[in-house]
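Structure record follows, encoded as structure tokens.
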Amino acid sequence: MKILQKVEECSESYGCSFVPTMGALHKGHITLIEAALKTDRPCVVSIFVNPKQFGPKEDYSKYPRMPDSDLAICRQLGVSAVFMPDEKIMYPPEFKTVVSIPTLSNCLCGLSRKGHFDGVATVVARLFGIVKPAEAFFGWKDAQQLIIIKRMVDDLALGIKIHGIETVREADGLALSSRNLYLSDAERKTAPNLYKGLKLGEAAAQNSTAGVVIETARQYIESSGLMIDYVDLRRISDLSAVDYQKKLDAKEQYLLASAVFCGSVRLIDNVKIF
Ligand code: PAF
């Protein structure tokens, strides 16, 4: 397995199947890598904790960094190369560009994480420019990120096939996330109620208005001891808002998404409806 650190070294990765990550690899990332390995292209993983996607009060310096175990996982899985640039390579002093998709970024997680999705789109655009993959893999757990990246790739005609891979969950439903490491034992027991609430909302969707779907999820999540940042229902196609008074249209696909604080740990999750 090659370890690539400079932009020029990545020329051999062109046309690969690519999995961008911030490291601290867990079963969720492994599922993305396994999906990339199933293509007949070499699989390249990037590991870069992107400062541009962390807000001033967020956990950039505390974000888990474990390069040795990440590299061991990639090697064992059969990854061809890992791109591990440092910050000067990703953002040289003259770097000026910001990639922004405002209508998709200014809702859901974008409301409380200002600038986060500009940071994500900017780093992914630069990674795509350096690695020049043919295909790239992202998880549905970060649904808004996935939808934004798909739009960016289409709008900029980047010609990269974007795959959305289903969320990997613990047996009790908790979506895998690097942030789960921060949960205390008691918080870990409360955390699965986020997914349970979303599933209750989904179950209500057949016969109810959008407002009832949201309220069903919200009430369960709130009463379970989680602190809600948002619970919202959006069209998957363009993240546009729905009319709370109207029943959902079974011909459309929707995203019921939520972010909560479990103690001080921010967790996100979502379910697709129809
Ligand atoms: O999902 C992540 O880990 C990050 O947001 C990504 C896509 C690697 C960009 O830094």
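Identify, please: which residue in the range 54-88 is open to solvent by 20 Å² or more (accessible area, probe 1.4 Å) and within 12 Å of the ligand (Cβ to nearest atom) and is, among those, nearest to Gln144 (Cα to Cα)?
Phe54
Which residues, counting only those in the range 156-175, are in a strand (DSSP E or B) and open to solvent by less than 50 Å² (accessible area, probe 1.4 Å)?
Residues satisfying the conditions are Ile162, His163, Gly164, Ile165, Ala175.
If we only count helices (runs of 4 or more DSSP H) wholly inside the range 182-274, which ones have 1 or more residues that are of a type in the set (Asp, Glu) and closer than 24 Å to Gly139 by Cβ? Before the answer, list the steps.
Details: elements: 185-190, 193-204, 210-223.
In the range 182-274, the matching helices (runs of 4 or more DSSP H) lie at 185-190, 193-204.
Name every residue in the range 176-200 that is modelled with pLDDT of 95 or more, open to solvent by 30 Å² or more (accessible area, probe 1.4 Å) and closer than 14 Å to Ser264 by Cβ, in order of residue number.
Ser184, Ala186, Glu187, Arg188, Thr190
Could you count how many residues in the range 1-32 are open to solvent by less than 20 Å² (accessible area, probe 1.4 Å), of a type in the set (Val, Ile, Thr) and touching a residue at least 60 places away in the same chain (Cβ under 8 Å)?
Residues in the range 1-32 being open to solvent by less than 20 Å² (accessible area, probe 1.4 Å), of a type in the set (Val, Ile, Thr) and touching a residue at least 60 places away in the same chain (Cβ under 8 Å): 1 in total.
Since Ala72 meets every condition but one in (1) aliphatic (A, V, I, L, M); (2) in a loop (DSSP other than H, G, I, E, B); (3) over 18 Å from the mean Cα position of the chain (by Cα), which condition does it not meet?
For Ala72, the failing item is (2).
Looking at Leu181, Leu194 in this structure, which one is away from the ligand (no atom under 16 Å from the Cβ), aliphatic (A, V, I, L, M) and closer than 27 Å to Tyr60 by Cβ?
Numbers: Leu181 fails: away from the ligand (no atom under 16 Å from the Cβ).
Just one listed residue meets the conditions, Leu194.
Take the residues of the range 107-143 that are of a type in the set (Lys, Arg) and away from the ligand (no atom under 12 Å from the Cβ): which is surrounded by the most Cβ atoms within 10 Å (Cβ to Cβ)? Reasoning before the result, please.
Taking the range 107-143 as the starting set, the residues that turn out to be of a type in the set (Lys, Arg) are 113-114, 126, 132, 141.
Imposing the further condition that a residue be away from the ligand (no atom under 12 Å from the Cβ) reduces the set to 114, 132.
Values: Lys114: 12, Lys132: 18.
Per the stated criteria, the residue is Lys132.
Look through the range 89-106, keep the residues that are open to solvent by 40 Å² or more (accessible area, probe 1.4 Å), of a type outside the set (S, T, N, Q) and in a helix (DSSP H, G or I), and return whichever of them is farthest from the ligand (Cβ to nearest atom). Working first, answer last.
Of the range 89-106, the ones open to solvent by 40 Å² or more (accessible area, probe 1.4 Å) are 89, 93-98, 100, 102-103, 106.
Next, only the ones that are of a type outside the set (S, T, N, Q) stay: 89, 93-96, 98, 102.
In the following step, the residues that additionally are in a helix (DSSP H, G or I) were identified as 89, 102.
Working: Ile89: 14, Pro102: 18 Å.
Filtering first and then ranking leaves Pro102.
When you go through Gly28, Gly23 one by one, which is the residue that is within 13 Å of the ligand (Cβ to nearest atom), under 21 Å from Asn270 (Cα atoms), small (Gly, Ala, Ser) and under 19 Å from the mean Cα position of the chain (by Cα)?
Gly28
Does Leu4 satisfy the condition of being out of contact with any His (no Cβ under 6 Å at 6 or more places or on another chain) and over 20 Å from Leu156 (Cβ atoms)?
Values: out of contact with any His (no Cβ under 6 Å at 6 or more places or on another chain): yes; over 20 Å from Leu156 (Cβ atoms): yes.
Answer is yes for this residue.
The values are calculated or read from the model by the stated rules, or taken from the named source; none is laboratory data. Quick caveat: nothing in here was measured; it's all calculated off a predicted structure. Backbone-built Cβ (ideal geometry, glycine too); neighbour counts: all protein chains shown. The area values use the complete protein model at the heavy-atom level, side chains included, leaving out ligands, DNA and RNA. Shrake-Rupley method; radii C 1.70, N 1.55, O 1.52, S 1.80 Å.
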